[in-house]
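See structure below.
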Amino acid sequence: MGRKKLGFGLLVLIIVTVLYYFNHTENVQNLNTLQKALNLQLTDIQTNGFTVSDRQIKKDTEHFVIQINDPQKAALFLAQKGIRLTVEETKELKGIQIGTDVTYLKDMIALEVYPLTLPTYLSTAFTTENDKKVLAQLKDMIKKKIFLMHVDIVHSTTTFKGYVKDINERIEGEKEVKLILQGLHFSGDIKKEKIVKYMQRFETLHLYMSDALNRTISGYQSHYELTGTTAYDYMTDYSIKKIEIDEEAEGTLLADTMVLHSTSTVKDGLATETLKAKIKNLELLFEKEKFAMHTLHMDMNISNIDVDTSEKLQKTDPNKEKELGAQLEALASNKMHLAIPMLSVKKVTLHGKEMYGFTLKATLQLDESLDIYRLGMKPKHVLQQIDGDLHLSFSNEMLTMLKEDPEFMIGYMMYRPKRSEGQRIYHINIMDGSVKINGKLLEF
């Protein structure tokens, strides 16, 4: 995922650079003026975590190479352009050189972006003779520009559209590897040096590795739109016709007809995020055991997310526990609020039985005085920092299946569910450090 984001991220930087100077240069027909302005912008990029090298300028074409030299600066710079890449992901991308060919046409600019090298960590990881054989094939694919992205920029309207060249490759080694990518197209708009709209679609993405891994995503479409003045003001839509993942160690996942819609808005430095999802069918298979959910609906939102603290948290080293704890406490100090108006599954299949599913509605509010250190010493402390209500209803068939678990049966004997319209209902209330289930105090 990180390498895909880098390619798109660097593409955005290049597009932004070109459109910026078409909008800020008095005579856009003067390519010398544009090229000098472009040179200034590429120089600026080099102060923000990137290097630019091998620049070759001709009458109506040019070439240059971009790569990351400071992952932290690069991640921040990409985030400012609307591309979110963690510092850890960016570190993995060190060593990749991205070649860029620019052609200046009458009313548009054509770009071709392609990798010239593999990331350092991947190149150094190939040590055995078989590894070296695979590495040689990857380098040959790079040399042939198998991984190539093309984009056309219409500078008068600040719009762009492009595609990734179809891939159908097979790598030979101890394990057979196949990579297929078909029909990846994208388009978007850029304003004030930021990507404000981006659409992408592809027909098929398939990765196969002998008996160890088999992944396919079909019918993918996405739409991103910046809706405000910050990177946290946005709207995204995703739809996927089918996902098939089969891994030797993890089992099999099958998903059919997924639709996701998310939004984020910022007011007074606090973000509110929403997520709505629908999945027609979701199946998990592991060691001949099948778990399936049919017609899943989810509606969730979280508010009072401090944007500045959230950005600092993303940059914090996970190994620095005190610093991480301080940022989490700062994030909680604004009384973050989580609401799940609806999480429902129409039918569930488990242990070979199909039954009616469940519905969950919940609200949780985090107290501003959360103490991360105390939480680590005494987990029960979390109950004193959360107020919440959860309403869970499920079918009698599901209850019968759950009662086969001895631990659940003990809880069931102590806290019986209520009954309403054929459903079994639990109402859970969390307040001032205590938990009540259907009005009965939970004993710890």
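The values are calculated or read from the model by the stated rules, or taken from the named source; none is laboratory data. If you're wondering where the values come from, they're calculated on a predicted model, not measured in any experiment. Quick reminder, even Gly has a Cβ in these numbers, built from the backbone with ideal geometry, and neighbours come from all protein chains shown. Note: accessible area is taken over every heavy atom of the protein model, side chains too, but ligands, DNA and RNA are not part of it. Shrake-Rupley method; radii C 1.70, N 1.55, O 1.52, S 1.80 Å.
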Q) Tell me which aspartates and glutamates have Cα within less than 14 Å of Lys191's Cα, excluding those fewer than 8 residues away on the same chain? A) Glu225
Q: Putting +1 on Lys and Arg Cβ atoms and -1 on Asp and Glu Cβ atoms, find which of Val177, Gly269, Gly228 reaches farthest to the positive end of the dipole of region 173-277.
A: Gly228
Q: Could you work out how far the C-alpha centroid of region 301-372 sits from that of region 50-83, in angstrom?
A: 36 Å
Q) For region 273-364, what % of the accessible area comes from carbon and sulfur atoms, probe 1.4 Å? A) 55 percent
Q | In region 41-131, lysine pairs with alpha-carbon atoms under 19 angstrom apart (chain gap of 8 or more, or interchain) | A | 6
Q.
Need one value: the accessible area of Glu323 in square angstrom, 1.4 angstrom probe, rounded to the nearest 10.
A. 80 Å²
Q: Run the dipole for region 121-280 about the Cα centre, Lys and Arg Cβ at +1, Asp and Glu Cβ at -1, nothing else charged, and hand back the magnitude in debye, nearest 20.
A: 640 debye
Q. Hey, can you rank 141-153, 430-442 by average C-beta count inside 10 Å, highest first?
A. 141-153, 430-442
Q: Using a cut-off of 15 Å between beta-carbons, work out the net charge of the residues near Lys278 (Lys and Arg +1, Asp and Glu -1, Lys278 not included).
A: +3
Q) Which aspartates and glutamates does Lys178 reach when only Cα atoms under 18 Å apart count, and residues fewer than 8 places away in its own chain are ignored? A) Asp131, Asp140, Asp166, Glu169, Glu203, Asp211, Glu244, Asp246, Glu247, Glu248
**Q.** Cβ-defined net charge surrounding Ser239, 14 Å radius [Lys, Arg +1; Asp, Glu -1]
**A.** +3
Q: Over region 52-136, give the accessible area per residue in Å² for a 1.4 Å probe, as an integer.
A: 50 Å²
Q.
Multiplying the sequence separation of Ala292 and Met141 by 0.36 nm and subtracting their Cα-Cα distance, what value in nm do you get?
A. 50.4 nm
Q. Taking region 250-315, how many lysine pairs are there with alpha carbons less than 25 Å apart, if each pair must be eight or more places apart or span two chains?
A. 6
**Q.** Carbon plus sulfur fraction of accessible area for region 115-210, probe 1.4 Å, in percent
**A.** 55 percent
